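Mind looking over this structure? Questions follow.
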Amino acid sequence: MSATPAAPTRSQPAPPAPRRAPAKRHPLLHPAAKVVLFVLCLLPLGWYVYGAVANPDLLGANPAETLIRGLGDWALRFLWITLAVTPLRTWFNQPTLARFRRMLGLFVFFYASLHLLAYGWLDKSLDLAEILRDIAKRPFILMGFVAWLLLVPLAATSFNRAIKALGAARWQMLHKLVYAISIVGLMHFIWMRAGKNNFAEPIVYGSILAVLLGWRAWKRLRR
Amino acid sequence: MHFHKPRHGQRILSSEITSREVYAARRDWLKGAGALGLTGLGLSGLSDAALAQTAGPGKLAKLPGAKSTIAGATVMEKLTAYKDVTSYNNFYEFGTDKSDPAENAHTLKPRPWSVLIEGECAKPGRFGLDDLLKVAPMEERVYRLRCVEGWSMVIPWVGYSLAELLKKAEPTSKAKYVEFTTLADKAQMPGVRSGVLDWPYVEGLRIDEAMHPLALMAFGLYGEVLPNQNGAPLRLVVPWKYGFKSAKSIVKIRFVEKQPVSSWTKAAQQEYGFYSNVNPNVDHPRWSQATERRIGEDGLFAKRRQTLMFNGYEAQVGQLYAGMDLKRNF
């Protein structure tokens with residue numbers, strides 16, 4: 001898609017098309033934009049901490065389950081949002097969105113780590129042997145663990161020096177892992193719901209991921 | 001007062017001892033129980049009689065029950081709060097989230113209600129709710145409830161032994177199993193429109209399991225009639241089996257010769273067997289059944305408690321399964 005000026009869509013006569021906006025800063029480039037996004041990304045955690053500390057009713061009758069599952073949900077959601085950055089840049093012609101991608105990606109790792117910690121602590125009382133046994137025994141747990149493990153190198157190489165050290169090409173190759181992670185993460189989610197035949201949410205997540213990855217595949221094929 | 005002997009190396013935690021709040025409430029109730037002629041029984045009689053009545057929040061019609069004399073019928077553990085018992089439910093006819101039943105079950109009409117009893121029996125028939133309520137005296141039974149998902153509660157149910165009702169129908173020698181069917185009415189149950197399970201919900205018991213005195217036909221909890229989300233107006237409670245075996249809002253009881261196929265077995269044969277006895281040694285394919293979390297009691301960071309064989313009812317029901325391979329017959 002090329003950046004042609006938008007055609008008037010209303011039936012009224014179009015006002016004279018403004019020339020390029022005077023050198024006004026794009027709102028997404030505002031220095032506060034990143035701070036706002038950072039705070040927004042912390043809201044889910046804030047909700048759970050508030051629930052756990054001050055208002056247990058918020059987390060329902062089984063707060064441990066709410067926390068473990070909720071943190072996993074948010075890890076998946078942030079991963080989907082991160083994967084949406086590139087398509088959204090193109091579809092809405094907003095190249096500046098790219099500056100938020102690293103932070104969003106790190107929040108995926110943040111929530112995935114909290115999810116793992118909540119499972120290990122609340123469900124397994126930090127009994128390492130028991131956790132390892134669980135991972136070895138249950139493919140559904142293994143899937144989740146593998147997804148988290150694959151996130152580690154991405155989080156560890158998310159600063160500028162790492163990009164320089166690796167070289168842009170190699171760094172990009174490494175970060176293509178995110179596609180595999182999204183699929184493993186989705187499988188973890190589907191498997192978790194499988195025994196209860198409850199696929200409504202996995203279908204929504206799967207459909208969105210199909211669009212996000214399908215669009216990339218389609219673009220590649222057209223090249 | 002009698003206490004359970006610690007079994008399986010399990011110690012009685014201080015948290016399992018009846019809290020001041022609970023026994024104070026029971027005593028408050030007792031002060032108002034003069035009309036029932038329960039006063040002046042002395043201290044030992046007092047605590048026993050007090051146990052027979054657990055006061056609910058007074059939202060629904062009262063359904064009192066006398067303390068049960070059946071062995072194992074009164075667990076001496078802290079009761080799960082009424083709020084948790086009635087807001088954290090698996091009742092897929094009203095939605096798959098555990099908060100859904102409490103939100104959606106108001107559309108269920110528990111009256112008028114009748115249950116069809118049929119199949120291999122001499123006296124089949126349709127029984128109205130008022131008749132069902134009079135089949136045997138109501139008892140209060142404090143049972144552990146262990147969900148297959150790894151959480152548990154302690155609930156004061158009101159009802160009578162299922163055997164009392166089954167005997168009325170005079171099952172024949174061909175009645176080897178009993179099949180229970182839950183209402184499946186799209187108008188009253190929004191979840192029935194979804195394809196999560198093959199409706200109606202069907203559960204089954206072997207006849208000797210169904211006739212065991214601990215198998216309860218429940219009509220109430222916390223001294224009041226069952227809230228809709230807990231399976232009004234009548235449900236099964238089989239305390240030594242995972243919760244899903246205890247069919248809710250029952251409309252049909254059928255004596256059959258062949259083992260019925262339970263809804264969950266039909267949905268996922270490798271995950272949910274016909275017996276589904278609580279067994280810490282047989283894991284669910286996707287999680288361990290060795291431990292459980294007691295709702296509302298174990299703190300967020302508390303270690304999960306050990307799950308007991310047959311949910312702690314081994315002394316009462318173990319002989320039903322003598323010689324059976326419980327790993328194969330899960």
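Let's see how each residue does on (1) at pLDDT below 90; (2) within 14 Å of another protein chain (Cβ to nearest Cβ):
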{"residue": "B:Trp287", "(1), (2)": "yes, yes"}
{"residue": "B:Ala290", "(1), (2)": "no, yes"}
{"residue": "B:Arg293", "(1), (2)": "no, yes"}
{"residue": "B:Tyr313", "(1), (2)": "no, no"}
{"residue": "B:Leu326", "(1), (2)": "no, no"}
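Give the range B:233-257 a look and list any residue that's of a type in the set (Lys, Arg) and under 24 Å from B:Phe127 (Cα atoms), or say none.
Answer for the range B:233-257, where residues must be of a type in the set (Lys, Arg) and under 24 Å from B:Phe127 (Cα atoms): B:Arg235, B:Lys245, B:Lys248, B:Lys252, B:Arg254.
Give me a count of the residues in the range A:119-171 that are among the hydroxyl-bearing types (Ser, Thr, Tyr) and assigned to a helix (DSSP H, G or I).
Number satisfying all stated conditions: 1.
Let me ask you something else. Among the numbered criteria (1) crowded, with 21+ Cβ neighbours inside 10 Å; (2) within 14 Å of chain A (Cβ to nearest Cβ); (3) touching a Phe, Trp or Tyr at 6+ places or on another chain (Cβ under 9 Å); (4) not β-branched (Val, Ile, Thr), which one does B:Glu271 miss?
It is condition (1) that B:Glu271 fails.
From the list B:Val278, B:Val282, which one is more than 10 Å from chain A (Cβ to nearest Cβ) and without any contact (Cβ under 8 Å) to a residue 60 or more places away in the chain?
B:Val282
A:Pro95 fails exactly one of the following numbered conditions: (1) under 19 Å from the mean Cα position of the chain (by Cα); (2) over 14 Å from A:Gly72 (Cα atoms); (3) crowded, with 17+ Cβ neighbours inside 10 Å. What is the number of that condition?
Only one criterion in (1) under 19 Å from the mean Cα position of the chain (by Cα); (2) over 14 Å from A:Gly72 (Cα atoms); (3) crowded, with 17+ Cβ neighbours inside 10 Å is unmet by A:Pro95, namely (3).
Can you name every residue in the range B:184-229 that is in a loop (DSSP other than H, G, I, E, B), over 17 Å from the mean Cα position of the chain (by Cα) and over 25 Å from B:Tyr275 (Cβ atoms)? Spell out how you get there, then give the answer.
Kept after step one, since they are in a loop (DSSP other than H, G, I, E, B), are these residues of the range B:184-229: B:184-189, B:194-201, B:211-215, B:222-223, B:226-227.
Applying the additional criterion that residues be over 17 Å from the mean Cα position of the chain (by Cα) yields B:184-189, B:194-200.
Answer for the range B:184-229, where residues must be in a loop (DSSP other than H, G, I, E, B), over 17 Å from the mean Cα position of the chain (by Cα) and over 25 Å from B:Tyr275 (Cβ atoms): B:Asp185, B:Lys186, B:Ala187, B:Gln188, B:Met189, B:Ser194, B:Gly195.
Now, a different point. What pairs can you find where one residue is in the range B:157-180 and in contact (Cβ under 8 Å) with a residue 24 or more places away in the chain, the other is part of a strand (DSSP E or B) and of a type in the set (Gly, Ala, Ser), and their Cβ atoms are less than 6 Å apart, with a gap of 6+ or different chains?
B:Trp157/B:Ala218; B:Val158/B:Gly220; B:Gly159/B:Ala218; B:Tyr177/B:Gly204; B:Glu179/B:Gly204
Also: What residue, among those in the range A:174-220 that are more than 14 Å from chain B (Cβ to nearest Cβ) and among the aromatic types (Phe, Trp, Tyr), is farthest from B:Gly95 (Cα to Cα)?
Only one residue tops the list, namely A:Trp218.
Please enumerate the residues belonging to the range B:278-314 that are of a type in the set (D, E, K, R) and under 19 Å from the mean Cα position of the chain (by Cα).
Selection gives B:Glu292, B:Arg293, B:Arg294, B:Glu314.
Given the conditions (1) modelled with pLDDT of 95 or more; (2) away from every other protein chain (no Cβ under 14 Å); (3) under 29 Å from A:Val49 (Cα atoms); (4) surrounded by 15 or more Cβ atoms within 10 Å (Cβ to Cβ), and given that A:Met143 satisfies all but one, which numbered condition is not satisfied?
(2)
Tell me whether the range B:161-169 contains one or more residues that are under 14 Å from the mean Cα position of the chain (by Cα), of a type outside the set (Ser, Thr, Tyr) and buried (at least 23 other Cβ atoms within 10 Å of the Cβ).
Yes: the range B:161-169 contains one or more residues that are under 14 Å from the mean Cα position of the chain (by Cα), of a type outside the set (Ser, Thr, Tyr) and buried (at least 23 other Cβ atoms within 10 Å of the Cβ).
The values are calculated or read from the model by the stated rules, or taken from the named source; none is laboratory data. Fair warning: this is a prediction, and the values are worked out from it, not measured in the lab. Please note: Cβ atoms are built from the backbone with ideal geometry, for glycine as well, and neighbour counts cover all protein chains shown.
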